[in-house]
Amino acid sequence: MILGIETSCDETAAALVTVDGEILSNVVSSQADLHARFGGVVPEVASRRHLELVVPVLREALEEAGAELGDADAVAVTQGPGLVGALLVGLSAAKAIAWSRQLPLVAVDHLDGHVASLYLEPEPLEPPFLCLLASGGHTLLVDVAERGDFRVLGTTLDDAAGEAFDKGARLLGLGYPGGAAIDRLAREGDPEAHDFPVARVRGLDFSFSGLKTALLYTVRELGDEELERRRSDLAASYQRAIVRALTGRATQAAEQTGRQKIAVVGGVAANSELRAALPDAAFAPLPLCTDNAAMIASAARYVEAVPWPSYLDLDAYASR
Ligand code: KG4
Ligand code: ZN
């Protein structure tokens, strides 16, 4: 049984997963409400909240699984990328637990974690496949030949797809985090009402900053009253542009690599229009799209563990 811990951004999460990929518990405490009034995640606030939440969340994960600390065979934790102060809370907790129980520790890369959200029961996906990883911090197209390994084919040159959703939501006055809010509002709007550009960049890379600027100018031109009237059309058109960029590139990458299967993971994989636009793709289950610790424990199954007690000097990293 693997005890997973994830604290890379604004979700404090712990989970218990078996080596066969069965989820025994998966507890996520989101701090989104705490950061909403700042319009985004405040790193120092996030670290302090992780400190308060990490032990109660761990307790709940054990309780939900009907397990005790002594039942864990390994501790898995996100080492990076993410907010270093936030990561250090999870990493320190993981070291303390593993050291006190003389357990091995598995340091997991957060992006490997997102991909490994596809390997959990009851419907685990088998490589090879082409994977679109779209979250608040990253937008990557990767070729997955086998579990625990991937090759990056393309990435964003500026904002991540989730970041584009969040910044767009802010311009539309929808609060933070904005992806789910745009998703909801877009259902009532006309996606063809506004023609937002899909950036053309070379290769298999993405760019979303031009789209955000186009929305900014449109919102400014419309003024407050018109914005109020057209908010759902703007949300629908803006979402359409992001979804087009993602699906276009994913399909292109699948063609180039000859991969038959496309998979989508990360917070943006929860988007209903994206899910509808790629009906044949494998999407991470909804609760496993946004950050969680089950995916971290899942990824740990394909990473070499660091034996007790040589992991005590492991450090967190901000970027890959
Ligand atoms: O994977 P995640 O929880 O955190 C990172 O690793 O970054 O992704 C969070 C991102 C946020 O930008 C959020 O707005 C976006 O995922 N998101 C969505 C939806 N739900 C969450 N974006 C579009 N549609 C959604 N339904
Ligand atoms: Zn993530």
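Every number in this text was worked out from the coordinates using simple rules, so none of it is lab data. Treat the numbers as computed from the prediction; the structure is a model and nothing was measured. Note: ideal-geometry Cβ built from the backbone for every residue, glycine included; neighbour counts use all protein chains shown.
A compact table of results
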| quantity | calculated |
| --- | --- |
| Placed amide H near Phe150: partners under 5 Å, 5+ positions off or other chain | none |
| Arg220-Arg244 FRET efficiency (beta carbon distance; Förster radius 22 Å; 0.05 resolution) | 0.40 |
| Cross-link partners of Lys212 among lysines (Cα-Cα below 27 Å; sequence separation of 8 or more within a chain) | Lys167 |
| Hz values of 3J(HN,Hα) by residue in the stretch 139-154 - Karplus curve (6.51, -1.76, 1.60), Gly and Pro given as x | 9, 9, 10, 10, 9, 9, 8, 8, 4, x, 8, 8, 10, 7, 9, x |
| GluC sites (Glu not before Pro) restricted to the stretch 156-256 and DSSP loop, no more than 13 other C-beta within 10 Å | Glu188, Glu192 |
| Top positive-direction residue, dipole computed over the chain with Cβ charges, set Leu83, Ala299, Leu157 | Leu157 |
| Rounded to whole Hz, the Karplus (6.51, -1.76, 1.60) HN-Hα couplings of the stretch 250-256, x for glycine and proline | 5, 5, 4, 5, 5, 5, 5 |
| Calculated log₁₀ intensity ratio I(q)/I(0) where the Debye formula runs over C-alpha points of the chain, q = 0.15 Å⁻¹ | -1.17 |
| For the chain, with +1 on Lys and Arg beta carbons and -1 on Asp and Glu, the positive-most of Ala96, Ser272, Thr12 along the dipole | Ser272 |
| Loop-located chymotrypsin sites (Phe, Trp or Tyr not before Pro) in the stretch 37-126, at most 11 other Cβ atoms within 10 Å (DSSP) | Phe38 |
| Aspartates and glutamates whose Cα lies under 17 Å from that of Lys261, excluding same-chain neighbours fewer than 8 positions away | Glu123, Glu126, Asp143, Glu146, Asp149, Asp280 |
| Net charge contributed by nearby residues that have their C-beta within less than 11 Å of Asn292 (K/R +1, D/E -1) | -3 |
| Neighbourhood charge, 11 Å Cβ-Cβ cut-off, centred on Gly148 and excluding it, Lys, Arg +1 and Asp, Glu -1 | -3 |
| Per principal axis, descending, Cα span of the stretch 129-284 in whole Å | 52, 26, 25 |
| Charge dipole (debye, nearest 20) of the stretch 129-284; +1 at Cβ of Lys and Arg, -1 at Cβ of Asp and Glu | 340 debye |
| Residue-averaged [θ]222 nm for the chain, counting only DSSP H segments that reach four residues, each worth -39500 (n - 2.57) | -13500 deg cm²/dmol |
